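Single-structure report; data block below.
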Amino acid sequence: MLTVKHLFSQNKQLLFGFNDIPQSVLINPSTTLDNDWFVGVPLLSHFHFNFGSSGISTFDLFADDGRDFNDKLQSVIFQLDRSDFFTATQQLDIFSGGFAFGRGIEKDRYLSFGMYLETDVIAYHPKDYAILAYEGNATNIGRVFDVSDFNLSGEMVSVFHVGLTKKVNDKFTIGARGKIYSSVFNINSTNNRGSFLTQEGQNNLLIHTFNLDFTYNTSGIRSLAEDDNSEVSDDIRTLRRRLLFGGNLGLGLDFGFTYFPTDQWTIEASLLDVGFIRHSKDLDNYAVNGSYVYEGINPLFPEVPNGQTAEDYWNEVADNFEELFEIDTTATKYTTWRPTKFNAAVRYSFGERISKDCNCLAEDSGYLNAVGAQLFAVRRPRAPQLALTAFYYRRLFEGLQFKATYTIDSFSFTNVGLGISADLGPLNLYVLADNVLEYQNLARSQSNSIQFGLNLVFGSGQ
């Protein structure tokens, strides 16, 4: 059966390069922040939420347009293909901070640190499974159904991180960030292979042939779903322990650089979440490997004279079908790789700021405007997810900055985003929203996103 989910994107094109916002250093560890130090408001410094779909919108199924729901469902099932995906990503900063330092008068280094909670789920459209569930196999005699269409992974992790930005010279800045991952839960079933085929049988009407290499791995779920106690407080303590490095652990690295060929041109790139998690606790793994043939049971109809009821017959069918497959249930350790992300951008700045006091160029306030382009990619089980963005940045006046983006990605060719960052004394607040043209009817939208946060910022940027 097809399940329509909302989709979350990991692309943060509005935040990337928005140097007035401290959390932009998480997207590129070489980002030079315009402050001496900052402290994020706990649980409020950064929250990211996005939804959408690569192939359809909620409106396609539930629009009040007079069409029969079954017709719309059938259209959606056949419209999507196995490369269409549904995914979910959410990020919440638990705490964050950073400060500039250096050996001499110039503070040429910046240390940033923090901890955040991230959820990431991706499921590809199981087209052959959906067709089989919708039509059955009786009308698909001789058709080979692909088992690999089932492709799913999901996880929730807490991430503790420490990053360092280093100014090499006036033209080049580098940065790196180390991460410790603590998995709260994980589901992984991405390397399935095999087929299912129904043909006309000799001993019965139909013969079903299965060639399966199917695995389904989980960690962190069994103890929460099958524990004997009914106390919610016990589960909360378990989750809290996993958030604080009591779960399955892993390591990761971020890298980035920023290059200034001239005073007005900037080239920057980052590679994020080059890392893994080793799952060795609270495991529940399932595997089916081999070839199986099922011809049903005889007689074909209930043995009424022998006292077998229809219910007894179908129970026997179900039991025989379950016994057919040798499901290997284990607690085998496994490793998952984080969804590595790549960002690259080129930016041109213009419009030097004029001092009102002397009608001359301000001593060092940068430029008022910037335009550029950004490329984003994230590693996914079947193929990278890509996005291309054009953007415009503007300093409206002291303490107020604005950014607009136009993005082409897997979900839309008309994604317009708007973001604003404001400094009210030491308080920095920001709101960034994607696909704002669709806010008038979210049901028609295939993706929407919002980010917001509060920080206390001190130093040269104030």
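The values are calculated or read from the model by the stated rules, or taken from the named source; none is laboratory data. As the structure is a computational prediction, the values presented were derived from the model and not from experiment. Cβ placement follows ideal geometry from the backbone for every residue including glycine, while neighbour counts extend to all protein chains displayed. Just the protein is used for accessible areas: all its heavy atoms, side chains included, with ligands, DNA and RNA removed. Shrake-Rupley method; radii C 1.70, N 1.55, O 1.52, S 1.80 Å.
Would you mind getting me the FRET efficiency between Arg67 and Arg103? Use the beta-carbon distance for r and R0 = 60 Å, nearest 0.05. List each step's numbers first, then the result.
Working: r = 70 Å, r/R0 = 1.17.
It comes to 0.30.
Between Ala344 and Thr262, what is the spin-label point distance in nm, taking each point 7 Å from the Cα along the Cα→C-beta axis?
For Ala344 paired with Thr262, the spin-label model returns 2.2 nm.
Which lysines does Lys333 reach when only Cα atoms under 16 Å apart count, and residues fewer than 8 places away in its own chain are ignored?
Lys281
For Gly453, list long-range residues whose amide hydrogen, built 1.01 Å from N in the peptide plane, is under 5 Å from its own amide hydrogen.
Tyr430
Give a quick list of GluC sites (Glu not before Pro) in region 158-263 that DSSP marks as loop, anything other than H, G, I, E or B, with at most 14 other Cβ atoms within 10 Å.
Numbers: sites: Glu200, Glu226, Glu231; in loops: Glu226, Glu231.
Here the sparse-neighbourhood loop sites are Glu226, Glu231.
Please report the net charge: other residues with Cβ closer than 15 Å to the Cβ of Gly136, K and R +1, D and E -1. Let's see the in-between values first.
Working: positive: Arg143; negative: Asp128, Glu135.
For residues surrounding Gly136, the net value is -1.
For labels at Asn137 and Val232 in the simple 7 Å Cα→Cβ model, what's the distance in nm?
About 4.3 nm separates the two model spin labels.
Determine, from the Cβ-Cβ distance of Leu437 and Tyr392 and an R0 of 25 Å, the FRET efficiency 1/(1 + (r/R0)^6), rounded to the nearest 0.05. Can you show the working numbers first?
Details: r = 16 Å, r/R0 = 0.65.
Using R0 = 25 Å, I get an efficiency of 0.95.
For Leu14, what is the net charge nearby, where nearby means another residue's Cβ is under 11 Å from its Cβ and Lys, Arg count +1, Asp, Glu -1?
Once all neighbours under 11 Å are counted, the net charge is +1.
Calculate the FRET efficiency for Phe402 and Arg193 from the Cβ-Cβ distance with a Förster distance of 51 Å, rounded to the nearest 0.05.
Values: r = 50 Å, r/R0 = 0.98.
After rounding to 0.05, the efficiency reads 0.55.
For region 98-221, report the accessible area per residue in Å² (1.4 Å probe, heavy atoms, rounded to an integer).
On the way: 5410 Å² over 124 residues.
So region 98-221 comes to 44 Å² accessible per residue, rounded to a whole number.
Any of Lys179/Lys341; Lys166/Lys403; Lys12/Lys403; Lys72/Lys127 with alpha carbons more than 22 Å apart? Name them for me. Could you put the intermediate results ahead of the total?
On the way: Lys179/Lys341 14 Å; Lys166/Lys403 26 Å; Lys12/Lys403 13 Å; Lys72/Lys127 15 Å.
Long pairs (Cα-Cα over 22 Å): Lys166/Lys403.
Quick check: the distance between the Cα centres of region 77-97 and region 8-38, to the nearest angstrom?
Taking the Cα centre of each part, region 77-97 and region 8-38 sit 21 Å apart.
Pop out the ³J(HN,Hα) list for region 253-267 in order, Karplus 6.51 cos²θ - 1.76 cosθ + 1.60 with θ = phi - 60°, rounded to Hz; leave Gly and Pro as x.
Values, residue by residue: 9, 10, 9, x, 9, 10, 10, 10, x, 9, 5, 10, 9, 9, 10 Hz.
Once phi is turned into θ = phi - 60°, what whole-Hz ³J(HN,Hα) does the Karplus curve with 6.51, -1.76 and 1.60 give for every residue of region 91-103, x standing for Gly and Pro?
Per-residue couplings from phi come out as 9, 9, 6, 8, 8, 7, x, x, 7, 8, 7, x, 6 Hz.
Put Lys72, Lys171 in order of accessible area, largest first, 1.4 Å probe: what do you get?
In descending accessible area the options line up as Lys171, Lys72.
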